[in-house]
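Worksheet for the structure shown next.
The values are calculated or read from the model by the stated rules, or taken from the named source; none is laboratory data. A quick note: this is a predicted structure, and the numbers were derived from the prediction, not measured. Cβ placement follows ideal geometry from the backbone for every residue including glycine, while neighbour counts extend to all protein chains displayed. Calculation scope for accessible area: heavy atoms of the full protein, side chains included, ligands and nucleic acids excluded. Shrake-Rupley method; radii C 1.70, N 1.55, O 1.52, S 1.80 Å.
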Amino acid sequence: MSKYLLENQSSERLFFRKILPSDFEAWLPFYHDPRSTQFWEGLPPDPIEACQTQFDRAFERYEMEMGGMNALILEATGELIGICGLLVQVVDDIEELEIGYSVLPKFWQQGFAIEAAQKCKTFAFENNFASSLISIIHVDNIPSQKVALKNGMHLDKTTSYKDNPVHIFRVNQG
């Protein structure tokens, strides 16, 4: 088990667990809504292929001990509402620990992304995984930037990541 996974953790409304192959159909609507991926270049245009690519990467991260996304389960209903986690990333040749988050469009604007991101931040700092954490966010993705700011992060720099112009938001421990 990767030390960076928030497996069996919970926040006020969410339960964190590993992503399972059986979550595929529940997560697929994320890729059917063009607003979900409008800021990211280089994704497969077919929603099924894009979702499969993400799932393959998640399972690869689990195996390689590179952190990974957790399924976010709404405790009140048992529904998959999003994914969030701590990811080992290399940005500008520096290995960093990223808080990544995505929420299904029907659950946007309900505070789930910030709730999950804050739990990731707390978990990482309580376990002394890193002295600072980042979020890699496309320069045009204002909603995700707002989540990062609410998570106590500041704009650290602007760079290119996987051929996308991105802001690197950072929060330091303590």
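So, Gln110, is that one among the polar types (S, T, N, Q) and either closer than 14 Å to Gly100 by Cα or at pLDDT below 95 (or both) or not? Give the steps one after another, and end with the answer.
Working: among the polar types (S, T, N, Q): yes; either closer than 14 Å to Gly100 by Cα or at pLDDT below 95 (or both): no.
The answer is no for Gln110.
Please indicate, with yes or no, whether at least one residue in region 82-101 is more than 13 Å from the chain's Cα centre (by Cα), closer than 13 Å to Lys18 by Cβ and either open to solvent by less than 20 Å² (accessible area, probe 1.4 Å) or not β-branched (Val, Ile, Thr) (or both).
In the first step, residues of region 82-101 are kept if they are more than 13 Å from the chain's Cα centre (by Cα); the result is 90-96.
Add one more test, that the residue is closer than 13 Å to Lys18 by Cβ, and what stays is none.
Among the residues of region 82-101, not one is more than 13 Å from the chain's Cα centre (by Cα), closer than 13 Å to Lys18 by Cβ and either open to solvent by less than 20 Å² (accessible area, probe 1.4 Å) or not β-branched (Val, Ile, Thr) (or both), which makes the answer no.
Inside region 65-81, can you point out the residues that are open to solvent by 40 Å² or more (accessible area, probe 1.4 Å) and in a strand (DSSP E or B)?
Listed by number, the list holds a single entry, Glu79.
List the number of the failed condition for Ala148; all other conditions in (1) farther than 16 Å from Cys84 by Cα; (2) under 15 Å from the mean Cα position of the chain (by Cα); (3) aliphatic (A, V, I, L, M) hold.
Only one criterion in (1) farther than 16 Å from Cys84 by Cα; (2) under 15 Å from the mean Cα position of the chain (by Cα); (3) aliphatic (A, V, I, L, M) is unmet by Ala148, namely (1).
Each row is one residue, and each column tells you yes or no for (1) free of Cβ contacts under 8 Å to residues at least 40 places away in the same chain; (2) not in a loop (DSSP other than H, G, I, E, B).
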{"residue": "Thr122", "(1), (2)": "yes, yes"}
{"residue": "Phe125", "(1), (2)": "no, yes"}
{"residue": "Leu133", "(1), (2)": "no, yes"}
{"residue": "Asp140", "(1), (2)": "no, no"}
{"residue": "Pro143", "(1), (2)": "yes, yes"}
{"residue": "Lys146", "(1), (2)": "yes, yes"}
{"residue": "Leu155", "(1), (2)": "yes, yes"}
{"residue": "Thr158", "(1), (2)": "yes, yes"}
{"residue": "Pro165", "(1), (2)": "yes, yes"}
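Applying the selection to region 1-49, what residues are of a type in the set (A, V, I, L, M), closer than 21 Å to Val88 by Cα and modelled with pLDDT of 95 or more? Give the derivation first.
Initial filter on region 1-49 (of a type in the set (A, V, I, L, M)): 1, 5-6, 14, 19-20, 26, 28, 43, 48.
Right, trim to closer than 21 Å to Val88 by Cα and you get 1, 5-6, 19-20, 43.
Leu5, Leu6, Ile19, Leu20 - these are the residues of region 1-49 that are of a type in the set (A, V, I, L, M), closer than 21 Å to Val88 by Cα and modelled with pLDDT of 95 or more.
May I ask you to list the residues in region 39-64 that are outside any helix (DSSP H, G or I), open to solvent by 90 Å² or more (accessible area, probe 1.4 Å) and either free of Cβ contacts under 8 Å to residues at least 60 places away in the same chain or in contact with a Ser or Thr (Cβ under 6 Å, 6 or more places away or on another chain) (or both)? Talk me through it step by step, then tell me what you get.
Of all residues in region 39-64, those outside any helix (DSSP H, G or I) come to 39-46.
Still in the list and also open to solvent by 90 Å² or more (accessible area, probe 1.4 Å): 41, 45.
Residue satisfying the conditions is Pro45 alone.
How many of the residues in region 2-37 are open to solvent by 40 Å² or more (accessible area, probe 1.4 Å) and free of Cβ contacts under 8 Å to residues at least 40 places away in the same chain?
Looking only at region 2-37, we keep the residues that are open to solvent by 40 Å² or more (accessible area, probe 1.4 Å), and these are 3, 7-10, 12-13, 15, 17-18, 20-22, 25-26, 29, 32, 34-35.
If we keep only those that are free of Cβ contacts under 8 Å to residues at least 40 places away in the same chain too, we end up with 8, 21-22, 25, 32, 34.
Of the residues in that region, 6 qualify.
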